[in-house]
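Worksheet for the structure shown next.
The values are calculated or read from the model by the stated rules, or taken from the named source; none is laboratory data. Computed from a predicted structure; not experimentally measured. Every residue, glycine as well, gets a Cβ built from its backbone with ideal geometry; the counts of neighbours run over all protein chains shown.
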């Protein structure tokens, strides 16, 4: 058999040289394709030399596994070689997976075949990222700015030069920029640089891609200039005052300093201090300054404004508050008024037309003749006057001299429109009658049904002619509450400056404020003439020491006479289950003994309202009665029958009794004197217990008894009642 010796020259760029493999009598060594990316094909040329010493024909050249001999470049198959002749083939390596591969190249001469080892290593990626940045996040970058670059190394993972085709992908590739020094023939590595250049605010990310390897970069686009807050609310602020300042913060997120531009759209109502921001440049990369805004409303109502900072609007809102006092009418003319008399009342209304309550000070009279007018102030009492509310000042003309008289009513307040004035005009004319005193005040309150002390009223003729008096009477609202008891004015004629007198007493029969007039009919101007009478009637005295005690179905009320009035008639006690009686006839009248009432056969666990009235015979209207205000008692029947709750008993050996209650083990009680427990008793199986023998109570002590039962729901025991009583 002929032997074929083949010299195979493998020219490998990665290995940088050639080698010969021999078969038979020719020595050789393994040939390695090195590292090749999975899916890629690397081709190496091979030369076959006939070293057999004779002539031979090559039938085929083949390779196994991921290695192959393509047909086109194969010059050996079918070739006849003399000794020493050569032919060429190409061998392809296409790894299908990562890892080491090996197989053989087989040369078949028909009568013999020779094999030569082939090897290579498949790698997953042609190019991979190395030297990755420790922090792939660019952080906050202003929209329109470009960040600094972050570098990453692109490493050739094979033994063959190639083009890495570096590019950006992922979610937001348009928000980033990539540059590199990678060429089409990178043998080892190259460098890529990524920058963040956001076109919109928010979080963004992109992937740097090479082959199948990726690396994700991220960043947050922020406004170049941030103005916060975008709205400032000052709420209510009184007109003419200034609020506390509120800051508006300007932050420069850009990569270069800026000059802050500020425009105040409402300089009338808002004070803006920009000294911290304007007149200098605001540093880059997060430097901030503050604009201070204060609300100083110039008028009441909603006063809004817009602060424009670097093109961004900050809405300013606030409401100017002020009370506005409007007095009407602005002028009052009382006309002619006889001297030493008073006119009818004219009312001045002060309205609050503002948007906050109005605080009114005490009015004053000013002008030329302030002493010729009087007023009754109803505004200080009503102060503060609510929004849209009003108060009243009653004004009268009381001239003491003849002729035209003028004054001003001056009303001060905290209103934004300042003091209000009302012009007062009147003419004093010769008078007919002057009363003294005027008005007549019964200052001390009197019990209804009794007479007050006397009031003597002097009537003087202030005309220059005789004054003929035709009658004297009582008029007004409550004429029946007063009595004319004496006088010498009726049918009398008074010469100029002469006087007469009438005596009046307060004689009320009902409680309350009473007013009337002493009216004089005469032949003088402006007749009839009158003087006001004012007084107040009160309730007569209540009974005293009114005490109530209550058991399970009965109550007891005791009392004593209040005072020694010979008008006293009797005591009336009224009971109701629905309300507190308002008078002696409002409810059920109960019969009683002297100073004590026993009310029996009441419903268990029911509230009763009692009222104890003292009844008096009326002196001002004989045959009728006046009653006291009345003393109210609220008594509720309970579990314990005796001793009654609130009672005072005489015996030291009382019997405690109670209503039947569901119980498993009878009843028990605890007895206290003050906070000290003095007795305890368990397993009482009756509905009463007598405090006798060693359990006798002591005079002068106040006791509280707590009663317990043991119902199925509370077998451990539960309180069902208590009573507090005193042993006299």
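Miscellaneous remarks
- Members of region 321-341 found to be in contact with a strand residue (DSSP E or B) (Cβ under 6 Å, 6 or more places away or on another chain) and either part of a strand (DSSP E or B) or closer than 16 Å to residue 266 by Cα (or both), listed by number: 321, 325, 326, 327, 328, 331, 332, 333, 334, 336, 337, 338
- Filter result for residue 55 (surrounded by fewer than 17 Cβ atoms within 10 Å (Cβ to Cβ), in contact with a strand residue (DSSP E or B) (Cβ under 6 Å, 6 or more places away or on another chain) and modelled with pLDDT of 85 or more): no
- From 121, 106, 153, residue being surrounded by fewer than 19 Cβ atoms within 10 Å (Cβ to Cβ), outside any loop (DSSP other than H, G, I, E, B) and at pLDDT below 90: 106
- Residue check for residue 663: under 54 Å from the mean Cα position of the chain (by Cα) and in a strand (DSSP E or B): no
- Filtered by the rule that a residue be more than 14 Å from residue 458 (Cα to Cα) and either buried (at least 17 other Cβ atoms within 10 Å of the Cβ) or in contact with a helix residue (DSSP H, G or I) (Cβ under 7 Å, 6 or more places away or on another chain) (or both), region 484-508 gives 505, 506, 507, 508.
- Count of region 174-203 residues which are part of a loop (DSSP other than H, G, I, E, B) and under 21 Å from residue 125 (Cα atoms): 7
- Exactly one residue among 218, 255 is over 28 Å from residue 305 (Cα atoms), in the same structural domain as residue 156 (by TED's automatic domain parsing) and surrounded by 13 or more Cβ atoms within 10 Å (Cβ to Cβ), and that residue is 218.
- Annotation note: of 690, 647, the sole residue that is surrounded by 14 or more Cβ atoms within 10 Å (Cβ to Cβ) and in contact with a strand residue (DSSP E or B) (Cβ under 7 Å, 6 or more places away or on another chain) is 647.
- Residue match in region 165-172 (condition: farther than 25 Å from residue 46 by Cα, free of Cβ contacts under 8 Å to residues at least 40 places away in the same chain and either under 60 Å from the mean Cα position of the chain (by Cα) or buried (at least 21 other Cβ atoms within 10 Å of the Cβ) (or both)): yes
- In the set 148, 139, only one residue is out of contact with any strand residue (DSSP E or B) (no Cβ under 6 Å at 6 or more places or on another chain), in a strand (DSSP E or B), in contact (Cβ under 8 Å) with a residue 24 or more places away in the chain and loosely packed, with under 14 Cβ neighbours inside 10 Å; that residue is 139.
- Restricting 62, 25 to residues that are farther than 15 Å from residue 160 by Cβ, assigned by TED's automatic domain parsing to the domain that holds residue 101 and either at pLDDT 50 or above or assigned to a strand (DSSP E or B) (or both) narrows the list to 62.
- Residue count for region 540-567, restricted to those that are closer than 30 Å to residue 453 by Cβ and surrounded by fewer than 18 Cβ atoms within 10 Å (Cβ to Cβ): 9.
- Test: residue in region 588-599 that is free of Cβ contacts under 8 Å to residues at least 60 places away in the same chain and more than 30 Å from residue 725 (Cβ to Cβ): no
- Scanning region 256-291 for residues that are in contact with a strand residue (DSSP E or B) (Cβ under 7 Å, 6 or more places away or on another chain), assigned to a loop (DSSP other than H, G, I, E, B) and in contact (Cβ under 8 Å) with a residue 24 or more places away in the chain yields 257, 260, 265, 266, 269, 277, 283, 284, 286.
- Assessment of region 238-246 against the conditions (assigned to a strand (DSSP E or B), under 46 Å from the mean Cα position of the chain (by Cα), modelled with pLDDT under 90 and not assigned by TED's automatic domain parsing to the domain that holds residue 135) yields at least one matching residue.
- Subset tally (residues that are modelled with pLDDT of 90 or more, loosely packed, with under 15 Cβ neighbours inside 10 Å and not in a strand (DSSP E or B)) for region 362-387: 4
Results for (1) part of a strand (DSSP E or B); (2) in contact with a strand residue (DSSP E or B) (Cβ under 6 Å, 6 or more places away or on another chain); (3) at pLDDT 95 or above, shown as yes or no for each residue.
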position	(1), (2), (3)
638	no, yes, yes
651	no, no, yes
656	yes, yes, yes
670	yes, yes, yes
683	yes, no, no
708	yes, yes, yes
713	no, no, no
723	yes, yes, yes
